[in-house]
Amino acid sequence: MVSKALVAASTKPMILSILRGGENYGYQIIQRVKEISGGKLEWADGMLYPVLHRLEKDGLVTTQWKLYEGRMRKYYKITEAGKKELAEERKQWLSVHKVFLELWEPIPSFE
Amino acid sequence: MFDLKKEITNWKKTLHKNPSLEDGYIEELESHLRDKIEDYTNNGMSKEGAFKKAKEEIGDTEKISEEFYMTDNLSGSKKILWNEKSGILILAANYFKIAFRMIKKHKSHSFINIAGFALGFTCFALIAYFVKFQLSYDNFHVNKDNIYRLTTTKYATVPDLWAPGLKESFPQVRSFVRMQHFGETLIENKTNKFYDKDGLYADSTFFDIFSFNLVEGNARTALAEPYSIVITKQLSEKLFGKENPLGKTITFFDGDSKQNYKVTGLINNIPANSHFTFSFLVSESTNKAWWVNNWKMHQFYSYLLLQNNNVNIKELATNIDTWLKGKITDPNWNETVRLQKLTSIHLHSHLRSEFGVNEDISTIYLFSMIALLILLIAIVNYINLTTAKAVNRAKEVALRKTMGSKRSQLIFQFLGETVLLSVIVFGISMLAVELIIPSLNNLIQLKLDQNLLNFPLFILQLFGLILFIGLLSGIYPALVLSAFQPSAILKGTAKFSSKNFLKRILVIFQFAVTSFLIISSFLIYKQMNYVNSKNLGFNKDHIITFPLRSAGITKNLDAFRNALAANSNIISISFTANLPGGGDWGIPYQAEGKNQADVPEARWLVVDQNFISTYGMKIIKGRNFNKSIESDKNNYIINETEAKELGWKNPLSKRLSINYFNRKWGNIIGVVKDFNYRSLHKRIEPLVMFIPPDNWYSNASIKVRGSGLSSTISYIKRTWEKFETRNPFTFSFLDEEFNKLYIDDQKNMEMITMLTAIAVFIACLGLYAMMVHTLTNRTKEIGIRKILGAKLSSIVGLISKEFIILIIIANLIACPAAYYFLKNWLQDFAYRVSLTPLIFIAGCMISLVVAFTTIIYKIIKAANTNPVNSLRYE
């Protein structure tokens, strides 16, 4: 399982990355993360929405209510600003990733 | 059975309880929940199990809102940095929000506050509008500052030779115009036949002096030629419809003669704020009356246009006096000239033979005072209510201060609130004024412009005033509120004194004003009642009067009288040359053994032998005129006052004569008991009655039985038509004409009564709200007292005592003030009721009772509350 602090830090770029592939709604976003991480990364249902709202407030995503099988569903879509933000985040994560790759070569034992 | 729909609804309900979760958010969570449940049931779970699991995974509301708060506030990426300049805008928006929330939250309080204020301000605005109208009289004349009316200290009219003489002798006089009543005339054309009594003779200079709007015709020549006539649009429409009347002919029938007039001008209708009004003007050169070319007959309204440069009016009047002494050689002639500024005539002139009834400046002062008092009561209400409510906002203030609010910011906030409220009140009031003006016009017979928007400046002034009031009435509550100590309030150790000194003073003031108004309207009512029911010395009921109009009647008086007398419902018939209460001539006369200077000025009634019986007057000495005694045509009957002023204990042996009418010395054969034939504002004046030659008679007074009035009148009309075919029959009731003397008093009384009621209502509104606050603050005290065994009566006594004492003090202030004011007011009446203590006692009692009824219900309700309820949360 991934630690809470790491989850909190990575939520934003993950959501933006998922939305880069097309508009999506809350439940589906959570499912996608679960799927990709093989269940190692699980978001609490309640935490996703405040983050999504925050993103909306910051202008990184736009939203739209849509009708689906007689129910209302709120879809999120990434904006240009969101794409820029994602590029920036990506740069940062990659630099962190690069540092770890250097440090952990050859793969040290963690046991 | 598990009901998914119901369970979801319940789940949503619990979410709604959390204030940080908005509707849209909950909606989204629901969608999430449903997706989850769908997934689980697709994997073979039961609906119930799926719901439970999904619900659990989403978490409880606490957890959700916590997450929400965390992301919202601690992400820190866009923290707002506090800065006073940009902050003030955010704060102002917050202030508005809070102000509207306060209005919404305390509905009854806000309603009382706004309604009381709006009612008071509406009254004020209406009266201000009325006063403004009264002050605007004759202001529309371009030359208004240089136009003066030439009068004497007694008469509004002067002889016709004065004004032209002045123009020749005094360079200060640029021009003049003279006017005289044309008299009632019958106008007849193809479609219409009607009497018009609103015409005037006027000099050709009329339009040089006055600025009435001449639509058609030439201002310089319109009134030059004889038999020229200028008519108003109203009359023109009546006669010619939409056609242009210029050059057309109008025929007047005066009794038996007829005369054509050529229309030389058309003017707009006379503005309502003109001190004189007319339907047509006939050129003065047409005037052939016997008093034309005269130095002594007061017949003409004369207006002088003076030079622009500052003319010393006092000096000019004195010089005119000296000049007149040179022109009029009669040693007994003794009059003093007055020059009245045109714009001050309407409110300041009360001479004999005025154009119409002028308003009195004291009435304007009276209404202005009442308006101000009502406004003050409303403002006091506002201050008291807001201050009382302050306690409830202590926590808000404390919190704001803790968060760094400065005192000046708090004052700004609270002032803003009162100003906002004032603006709301202003809107309501202006709407109300607009709606009320038509019925006010109706009620007190005014012609106020019904469209307020015609006076943008006036509206602006009122708006300025209400902003000022908003600030003024907000200052005290703002200071009180902003002075709260946050630490004491938040710790709960703050004490709010309910014995506020200023609050008490304000309540006393309010009720002093209300008592004052109640007492005043009582006395005014009593006086008017007295005036209406006072024995006038004659019986004005069931007397019909009408002008005789033409020779068809006046030449056949006896036959006309006999024809009328045949009807058994006609009790008595009298012909006169003038009517009591109408125009009575002030003509010099001689009294036996008296110097001319000692002869009192007397009124005249030119009557016949039936006059005294028709009017039900009482002869206290001597006898009535007798038709069979030939010498009675030369004799006189006088009233008590005339006998007294001549100093004659036994006037029956004395003699009078009137050189003016070529009447030789005649005996006084009777004395009638004094009767009031003019307004009771005036003292009874000396009066002399005599019988004139037959051809002087111009009016009939007929006493009829009260029953079958309409058939009697139609009988008179039929009889009239047998003698006279051209002139239609018109008549009036004497008592109605008489009541017109009091119309002003009557309408003033109605207005004052109404305003008093409103003032009382606003004050009670305030008292009621105050009581509600007092009770809220003392709920616990009452509860404890009840537990300790206090009876209902003692609790009611305890709470009401404080207020009753204030009201008694208020009454103690109101009584002397009212006494002083009413004594002055009564001075204006020659016959008046006395100022008995009863009026004051009754007035005070009423204000006490009204105040007590206002608060008693609330007190009893509070005192009846179960102490368990009021102390539960302690």
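The values are calculated or read from the model by the stated rules, or taken from the named source; none is laboratory data. Since the structure is predicted, the reported quantities are computational estimates derived from the model, not experimental observations. Reconstructed Cβ throughout: ideal geometry from the backbone, glycine too, with neighbour counts over all protein chains shown. Just so you know, the surface numbers come from the protein's heavy atoms only, side chains and all, with ligands and any DNA or RNA stripped out. Shrake-Rupley method; radii C 1.70, N 1.55, O 1.52, S 1.80 Å.
A few notes on this one:
- Restricting region B:33-61 to residues that are more than 19 Å from A:MET47 (Cα to Cα) and not in a helix (DSSP H, G or I) leaves a set whose member that is nearest to the chain's Cα centre (by Cα) is B:SER46.
- Region B:543-570 - residue that is of a type in the set (Ser, Thr, Tyr) and open to solvent by less than 40 Å² (accessible area, probe 1.4 Å) and, of those, modelled with the lowest pLDDT: B:SER550
- Wholly within region B:136-241, strands (runs of 3 or more DSSP E) carrying at least 1 residues that are free of Cβ contacts under 8 Å to residues at least 60 places away in the same chain: B:173-181, B:193-196, B:214-217, B:228-232
- Contacts under 9 angstrom Cβ, first residue in region B:1-30 being at pLDDT below 85, partner loosely packed, with under 11 Cβ neighbours inside 10 Å and not aliphatic (A, V, I, L, M), 6 or more apart: B:HIS16/B:ASP23; B:ASN18/B:GLU62
- Residue list for region B:345-367, filter: open to solvent by less than 40 Å² (accessible area, probe 1.4 Å) and small (Gly, Ala, Ser): B:SER349, B:GLY356
- The lone exception for B:ILE320 - which of (1) closer than 22 Å to B:ARG178 by Cβ; (2) touching a helix residue (DSSP H, G or I) at 6+ places or on another chain (Cβ under 6 Å) it fails: (2)
- As a summary of the residue check, B:LYS649 satisfies the conditions (1) in contact with a Ser or Thr (Cβ under 8 Å, 6 or more places away or on another chain); (2) in a loop (DSSP other than H, G, I, E, B); (3) surrounded by fewer than 18 Cβ atoms within 10 Å (Cβ to Cβ) except for the one numbered (1).
- Region B:402-516 holds helices (runs of 4 or more DSSP H) entirely within its bounds, and those carrying 3 or more residues that are closer than 30 Å to B:SER136 by Cβ and open to solvent by 20 Å² or more (accessible area, probe 1.4 Å) map to B:407-443, B:456-482.
- Meets criteria (open to solvent by 60 Å² or more (accessible area, probe 1.4 Å) and out of contact with any Pro (no Cβ under 9 Å at 6 or more places or on another chain)) for B:TYR201: no
- Some residue of region B:274-292 being charged (D, E, K, R) and without any contact (Cβ under 8 Å) to a residue 60 or more places away in the chain: yes
- Search result, residues across region B:585-614 that are small (Gly, Ala, Ser) and out of contact with any strand residue (DSSP E or B) (no Cβ under 6 Å at 6 or more places or on another chain): B:GLY586, B:GLY593, B:ALA597
- The residues of region B:314-359 that are hydroxyl-bearing (Ser, Thr, Tyr), over 20 Å from B:GLU168 (Cα atoms) and in a helix (DSSP H, G or I), listed by number, are B:THR343, B:SER344.
- Summed over region B:1-24, the residues that are within 60 Å of the chain's Cα centre (by Cα) and part of a helix (DSSP H, G or I) give a count of 4.
- Selection of region A:47-88 for residues being open to solvent by 30 Å² or more (accessible area, probe 1.4 Å) and in contact (Cβ under 8 Å) with a residue 60 or more places away in the chain yields A:LYS83, A:GLU85.
- Scanning region B:576-588 for any residue that is surrounded by fewer than 19 Cβ atoms within 10 Å (Cβ to Cβ) and modelled with pLDDT of 90 or more turns up nothing.
- Meets criteria (in a helix (DSSP H, G or I), more than 10 Å from every other protein chain (Cβ to nearest Cβ) and acidic (Asp, Glu)) for B:GLU30: no
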